[in-house]
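Below: one structure, written as structure tokens.
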Amino acid sequence: MKPLDVLIVGAGFAGLYMLHRMKLAGRSAQIVDESGGVGGVWYKNRYPGARCDVESLQYSYSFDNDLQQEWRWTERYASRAEILSYIEHVVERFGLRDGIRLNTSVEAADFDFKTKRWLVRTTTGEGFSAQFLVLATGSLTMPNVPDITGLDSFAGKVLHTAQWPQEPIDFTGKKVAVVGTGSTGIQVISEVAKYAADLTVFQRTANYALPMRNQPLTPEMDREWKANYLERRSRARELPTGVFGDFNDVSALSVTDDERRQEYERRWALGGFQIMMAYNDFLTNQKANDTIAEFVRSKIRARVHDPETARKLLPNEFPIGTKRVCLEDSYYDAFNRPNVHLVALKEEPIVEIFPNGIRTSQKFVEVDTFIFATGFDAITGSVAKVNIRGALAENLSQHWKGGPRSLFGLGVSGFPNLFLVSGPGSPIGRSNAVTSIEQNVGFIADIISFAGDHGYSTVEPSSEAQDRWVENLAELAHRTLYMKAKSWWNGSNIEGKARVFMIYAGGVPSYLAACNEEKDSGFPNYIFG
Ligand code: N01
């Protein structure tokens, strides 16, 4: 077994930064990743149209000012390809390549109480003995494919957006069905609509999508951001989602209808999530939420030519923002094309899939390619296939069956020397992922150093502190409208999964404050041994 200080699972933004921090601290560390390349979720999700909905100048590491000053993004919102080039650049720049073992999955990890080390077995037959195990496995790792009668009999291609083949697929002249209209579905539909002979979109719940207004990043925009980078990064951490923007900290109901409408129009023209920062109570006050939801519906009605299609596309089953709001530039326009058709599944359910197509309650649609953009068994799904055993009788996945429990989303009582980056109970999903990752990794690096400096060989959250954190999470979520939506944030997108809001809903600043206080007071909520 190869001895290590730290074994890191996952070579995405989180794992790579963790490796960098461990190298800086002079610890022996190694990443294993099941994929054939670095990039995590960005490596796997190679569907056409894949792009990040956080602006590129913000969806990037801030830990090294030279890196952020020197890297030149070409678009306001980066494509998957550009994000991967950036990640490759980071790997080279910080000399991380030798510490990464690709095509290697963890099968099982057992904490050995005699040696106080994790004994880890991988699919390649290789073993590691590591003092610390860090799961940087991402929240969106385990694809969800619906169980539709007859899918096995289908003779054409079946794709999931997160399991896309390496070679590009030409959709020209194809009859394509896309199931799912979340952030992924909206991107893939916008792109495939341009080429397919026929594209049928199967929508279960209409979603809110705002204009992205993607554009080339001009030298002026680049210069302006870079001149203010440090202040903007620091301001971002003071805002609820960790994303820099013009956050207006007043209620949507504190202004007149006319003022509010003008403000929505102004922010709509700017694009992106600016409009979600127009007022501070969209997620806590249904009436405030109704004002913006209705504004977005009016924009959809105006975009889609056929009134019946527009009606089906109007989101009205959940408050806006209670599941991830999508960004688009040509999604609604796709439904104005003669080759694109919409099936609203609650009015016209799927009956069965056949070798050459799909039958709904109203018609038969010929299909030669199915694309499932049906999301993920999120956050906890990434540990479901790994047998991780600590001090408890059950493994981590079984332990979380009734809903995940952790302290800060970074560690679990009963699992010594195990850390999670962006685990359940952290702000992931409700924050700029890279901001959260950098802070999480920093905290883990600090607690590892603290343990080393004080001669401790084990560390884990106390079960009382973990209980308090889990209670706090539920309380914060229940002050909001989040539980009104069925989403991957609260587990309700997966049948049989515990319905628990898995994300810290108190906003980035109070999460950072709680972690900083923990560190500054010498980690009182952890047990060292
Ligand atoms: O997954 P989702 P996603 N029959 O769970 C539908 C990030 N991301 O991959 O709403 C029919 O959001 C489901 O319907 P419903 C981002 O954080 C970011 O799109 O549950 N339909 C829904 O429409 C995002 O939140 C970017 O009724 C079924 C869709 O599938 C997260 O990834 C790009 C179904 C799943 O939506 C996940 O997004 C892409 C069934 N049995 C992703 N089961 C950007 O940065 C599920 N659905 C832009």
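Please give me, ordered by residue number, the trypsin sites (Lys or Arg not before Pro) of the stretch 414-488 that lie in loop per DSSP and have at most 16 other Cβ atoms within 10 Å.
Here the trypsin sites (Lys or Arg not before Pro) that fit, given the DSSP loop and packing criteria, are Arg479.
Checking the a/c ratio against 1.5 first, then a/b against b/c, what shape does the Cα gyration tensor give for the stretch 362-442?
Oblate.
According to a simple spin-label model (label point 7 Å from Cα along Cα-to-Cβ), what is the distance in nm between Glu126 and Phe113?
Roughly 3.1 nm, to one decimal.
Given 0.36 nm per residue, what is the gain on full extension from Asp453 to Phe364 after removing their alpha carbon distance, in nm?
Using 0.36 nm per residue and subtracting the Cα-Cα distance, I get 25.3 nm.
Between Glu317 and Ala393, take the C-beta separation as r, use R0 = 56 Å, and let me know the FRET efficiency to the nearest 0.05.
Step by step, r from the Cβ atoms, then E = 0.85.
Nearest 10 degrees, 0 to 90: what angle lies between the long axis of helix 13-24 and the longest principal axis of the chain (Cα atoms)?
In the chain, helix 13-24 runs at an angle near 20 degrees to the longest axis.
So, with +1 on the Cβ of K and R and -1 on the Cβ of D and E, and no other charges, what is the size of the charge dipole of the chain about its Cα centre, to the nearest 20 debye?
Taking the Cα centre of the chain as origin, the dipole is about 540 debye.
Need the C-alpha centroid separation for the stretch 435-451 versus the stretch 95-121, integer Å.
19 Å
Quick check: residue separation of Asp98 and Gln69 times 0.36 nm, minus the Cα distance between them. What number comes out in nm?
Contour length minus the Cα-Cα distance gives 7.9 nm.
Does anyone have the angle between helix 183-192 and the longest principal axis of the chain? Alpha-carbon axes, 0 to 90°, nearest 10?
Taking the Cα atoms of the chain, the angle to 183-192 is about 50 degrees.
Testing the spin-label approximation: label points 7 Å from Cα along Cα→Cβ at Asn472 and Ala269. State their distance in nm.
4.3 nm
Give me the number: length gained by fully extending Lys157 to Ser105, i.e. 0.36 nm times residue separation minus the C-alpha to C-alpha distance, one decimal in nm.
In short, 16.1 nm is gained.
Too long at a 18 Å Cα-Cα cut-off: which of Lys312/Lys346; Lys175/Lys363; Lys44/Lys497?
Lys44/Lys497
Assuming a viscosity of 1.567 mPa s and a temperature of 4 °C, what translational diffusion coefficient in µm² per second does Stokes-Einstein assign to the chain, Rh being the Kirkwood radius over Cα pairs?
It comes out at roughly 54 µm²/s.
Against the longest principal axis of the chain, how steep is helix 257-270, in degrees 0 to 90 to the nearest 10, with axes from Cα atoms?
Between helix and principal axis, roughly 70 degrees.
So if I take the centroid of the Cα atoms in the stretch 129-143 and the same for the stretch 471-512, what is the distance between those two points in Å?
About 21 Å separates the Cα centre of the stretch 129-143 from the one of the stretch 471-512.
Say R0 is 41 Å: what FRET efficiency, to the nearest 0.05, do Arg235 and Glu347 get from their beta-carbon distance?
With a Förster radius of 41 Å, E is 0.35.
A short reminder: the numbers here are calculations on the coordinates, not readings from a lab. Nothing here was measured: the structure is a model prediction, and the numbers come from that model. Heads up, the Cβs are rebuilt from the backbone with ideal geometry, glycines too, and the neighbour counts pull from every protein chain shown.
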